[in-house]
1. Considering only 15, 252, 227, whose Cα is most displaced toward the positive end of the charge dipole of the chain, charges sitting on Cβ of Lys, Arg (+1) and Asp, Glu (-1)?
2. Give me the orientation-averaged projected area of the Cα convex hull of the chain, in nm², one decimal.
3. How big is the charge dipole of the range 285-340 about its Cα centre, in debye rounded to the nearest 20, if each Lys and Arg gets +1 on its Cβ and each Asp and Glu gets -1 on its Cβ?
4. Run a plain Debye calculation on the range 268-319 (Cα atoms as equal point scatterers, no solvent) and give log10 I(q)/I(0) at q = 0.19, 0.30 Å⁻¹, rounded to two decimals, same order as the q list.
5. Restricting attention to the range 280-340, which trypsin sites (Lys or Arg not before Pro) occupy a DSSP loop and are surrounded by at most 11 other Cβ atoms within 10 Å?
6. For the range 196-299, max minus min Cα coordinate along each principal axis, in Å, sorted largest first?
7. Within the chain, what is the longest stretch that has no GluC sites (Glu not before Pro) placed in a DSSP loop and near at most 13 other beta-carbon atoms within 10 Å?
8. What is the total of Lys pairs in the range 260-340 with C-alpha atoms under 19 Å apart, excluding same-chain pairs fewer than 8 positions apart?
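Every number in this text was worked out from the coordinates using simple rules, so none of it is lab data. This one's a predicted model, so the numbers in the text were calculated from it and none came from an experiment. Because the Cβ atoms are built from the backbone with ideal geometry, glycine has one as well, and the counts that use them run over all protein chains shown.
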Amino acid sequence: MQNPEVFILAIESSCDDTAAAVLHNDKVLSNVVANQLIHNQYGGVVPELASRAHQQNIVPVIDAALRKANVQKEQLSAIAFTQGPGLMGSLLVGTSFSKSLSLALNVPLIAVNHMHAHILAHFIDEEGYDKPEFPFLALTISGGHTQIVKVNSFFDMEIIGETTDDAVGEAFDKSAKILGLPYPGGPLIDKYAKEGNPKAFPFTKPKVPGLDFSFSGLKTAILYFIQKNKQLNPNFIEENLNDICASIQHTIIEILMDKIKLAVKETGITQIAIGGGVSANSGIRATLKETESKYGWKTFIPKFEYTTDNAAMIGIVGYQKYLSNRFETSAVVSKARIEF
């Protein structure tokens with residue numbers, strides 16, 4: 001029987017968002033995120049600036065999360081934090097603070113794999129959202145990862161397909177940069193794609209064996225396509241922006257869906273869940289939802305606030321680990337790359 005009074009404080013600092021959440025069992029009481037706008041002017045995340053901003057933000061963010069949840073520090077059952085993967089300087093801020101707080105409060109310390117958290121975010125108790133049943137397939141898509149994962153249980157996951165080069169989020173952002181759109185460009189491609197023709201400009205899909213992905217070739221094809229057409233018409237991007245974005249997004253979605261269809265065929269599993277920052281993309285969400293009537297799949301799309309980096313997803317893993325007594329000592333270290 002589960003403990004009805006488990007309060008988890010979760011801390012996420014893997015990249016450029018400082019986040020803290022408080023969970024009561026599997027329910028989210030608060031989920032606070034401080035974004036770092038300083039990176040926009042550089043066209044990408046600057047690691048040193050990110051770690052400094054985490055140092056500035058972590059105390060106010062945790063304080064805000066506790067206040068919003070109306071929970072006192074003394075009520076906390078455990079501290080969960082992101083161990084990796086991520087930027088080492090950013091991870092160190094969250095890890096160090098979590099260790100110190102765990103020691104000061106004399107409560108267990110729980111290390112969480114950021115990518116596991118994206119998948120298990122589906123188990124947050126949220127009204128109107130179903131939870132997948134084991135086993136299911138998870139498509140984790142973000143700026144740094146593109147994976148198909150067979151999820152057998154909370155702590156038994158197997159990567160059955162992944163990118164051989166660039167992640168899907170990078171493909172979106174780099175394509176946006178080629179088009180002259182500001183960082184982060186992925187959401188802007190999604191925005192303009194809604195008004196465009198997805199079949200206006202066909203791009204060749206990479207031929208990668210099995211369930212693995214590749215996006216570097218697509219990025220190069222888009223670059224050459226834009227360069228060629230700008231030579232013929234300097235205003236090509238401005239005159240065709242919606243159609244270009246729609247065509248890029250359509251191609252990326254087809255690449256993802258082709259692999260998911262193959263994964264379903266190979267495993268026989270028809271429950272599909274998505275997670276990671278790119279799962280906020282409206283085109284991907286809509287296409288996946290269509291598969292329910294088209295192929296008879298059962299799909300799980302997380303609440304928007306649980307797609308991008310957040311601490312609630314760290315907290316739900318922390319809760320499951322708490323129930324299994326999977327705790328760490330203060331010797332635990334951050335890992336920029338972590339075994340899945």
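1. Of 15, 252, 227, it is 227.
2. On the way: hull surface 69.5 nm².
Its Cα hull, projected and averaged over all orientations, spans 17.4 nm².
3. Details: 9 positive and 6 negative charges, 25 e Å.
In total the dipole reaches around 120 debye.
4. Result of the Debye calculation: -0.68, -1.11.
5. Numbers: sites: 285, 289, 294, 298, 303, 321, 326, 335, 337; in loops: 303, 326, 335, 337.
Passing both the DSSP loop test and the Cβ count: 337.
6. For the range 196-299, the Cα extents along the three principal axes come out at 49, 26, 23 Å.
7. Working: sites that count: 5, 127, 133, 195, 339.
By the stated rule (loop sites, at most 13 other Cβ atoms within 10 Å), 196-338.
8. Within the range 260-340, the lysine pair count is 9.
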